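The values are calculated or read from the model by the stated rules, or taken from the named source; none is laboratory data. Nothing here was measured: the structure is a model prediction, and the numbers come from that model. Heads up, the Cβs are rebuilt from the backbone with ideal geometry, glycines too, and the neighbour counts pull from every protein chain shown. In case anyone asks, the SASA skips ligands and DNA or RNA and just uses the protein heavy atoms, side chains included. Shrake-Rupley method; radii C 1.70, N 1.55, O 1.52, S 1.80 Å.
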Amino acid sequence: MPKVRVLVIDDSASVRQTLVDILSADPGIEVMGVASDPFVAARRIAEDVPDVITLDVEMPRMDGITFLRKLMAQRPIPVVMCSSLTEAGSETLMQALEAGAVDIILKPRIGAADHLAESADRIRDVVKAAARARLGARRTTTRSLDPGTKLTADAMLPPPTGAAMARTTEMVACLGASTGGTEALREVLQALPANAPGIIIVQHMPAGFTAAFSKRLNSLCEVEVKEAQHGDPVLRGHVLIAPGDKHMLLERHGARYQVAIKDGPPVSRHRPSVDVLFRSAARAAGKNAMGVIMTGMGDDGARGLLELKEAGAMTLAQDEATSIVFGMPKEAIARGAAQKVTALEHIAREIMAVDRSR
């Protein structure tokens, strides 16, 4: 397969070099050039169009968000935002996603060897996923520690036993997404009424981003949205989003459900992992659960969705036409895990239909 050709845009020479070193270490990636600001980048793009751009936010002469908006309006190219400004969970993250960024990564901390090794894997994974992004599918304007090791959900909890609670009147909807998922989830949650069933979500994001993401969604939706904390109950009309860099599991206590936030190794190359969430739901809720796998690169969630199906839960996959990256849904469909395949705009309706059928 041809290499993914990347243009690195950052005003810091040391960061540019670090990103070049990280990306060049992957045989499937070629750094075709670097630029110190958007004006230099524009000249490079006019001469040779890259497959993916990594773009800093704060730069001289023109900030990254403004450049991103101009680029999306004139010549859409998959863009991965790379900035330390987003680590605090500021509005920068939301602006970048709304402007058309495919994904966001934390700027590597030079000199922090452990952090650099961990972030390097995610940076490479995100760039390769961005190269597959179908920008035309956008509805509005991964972290791994060892690339050679891919753990399953066994690393966090054993397989389902079939002893989940019998069907009750309450349903828990479990959603998993990655590349392209931030805006896809916004569309689904905005379409849900205030009395929607309890929803728990894993969206592949680094630490520091999910709080701002949850806050933004809460301001837009009828349902209440928050970043999950350990022990939070799963309630009707409420949405819990797994915090970045932590696994989220569904647990049953008597007749009530709540979430557990746990450390642990990356599963299916991710933390949080959709496989971990889905398996925990299969174990704790069984027929009371619904699993929805959405746009994203890789196969995280495919095994877990099959386990949910085998536990008696309703399972759903987003279709190819509306997926930014048709990786995770495709893998789930190939395994026979999805009972239904549907367009993004119909997912909220499907969730409510399952809820009403109980």
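Numbers at a glance
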quantity	calculated
All positions within the range 221-274 that are farther than 26 Å from residue 332 by Cβ and either open to solvent by less than 10 Å² (accessible area, probe 1.4 Å) or modelled with pLDDT under 95 (or both)	237, 253, 254, 255, 256, 263
Residue check, residue 90 more than 23 Å from residue 22 (Cβ to Cβ), of a type outside the set (Val, Ile, Thr) and modelled with pLDDT under 85	yes
Verdict on residue 165 being over 14 Å from the mean Cα position of the chain (by Cα) and modelled with pLDDT under 90	yes
Subset tally (residues that are closer than 13 Å to residue 77 by Cβ, within 24 Å of the chain's Cα centre (by Cα) and not charged (D, E, K, R)) for the range 18-51	1
Where a residue in the range 18-37 is under 19 Å from residue 125 (Cβ atoms) and its partner, wherever it lies, is assigned to a helix (DSSP H, G or I) and open to solvent by less than 20 Å² (accessible area, probe 1.4 Å), with Cβ under 6 Å and at least six apart	22/120; 22/123; 29/23; 31/23
Failed criterion for residue 225 (all others in (1) over 19 Å from residue 101 (Cβ atoms); (2) touching a strand residue (DSSP E or B) at 6+ places or on another chain (Cβ under 6 Å); (3) not in a strand (DSSP E or B) hold)	(3)
Qualifying positions in the range 1-17 - at pLDDT below 95, aliphatic (A, V, I, L, M) and under 26 Å from the mean Cα position of the chain (by Cα)	1, 15
Filtered residues of the range 316-358 (kept if open to solvent by 30 Å² or more (accessible area, probe 1.4 Å), charged (D, E, K, R) and either closer than 19 Å to residue 282 by Cα or part of a loop (DSSP other than H, G, I, E, B) (or both))	319, 320, 331, 335, 340, 358
Any chance residue 313 is surrounded by 23 or more Cβ atoms within 10 Å (Cβ to Cβ), in contact with a strand residue (DSSP E or B) (Cβ under 9 Å, 6 or more places away or on another chain) and within 20 Å of residue 183 (Cα to Cα)	no
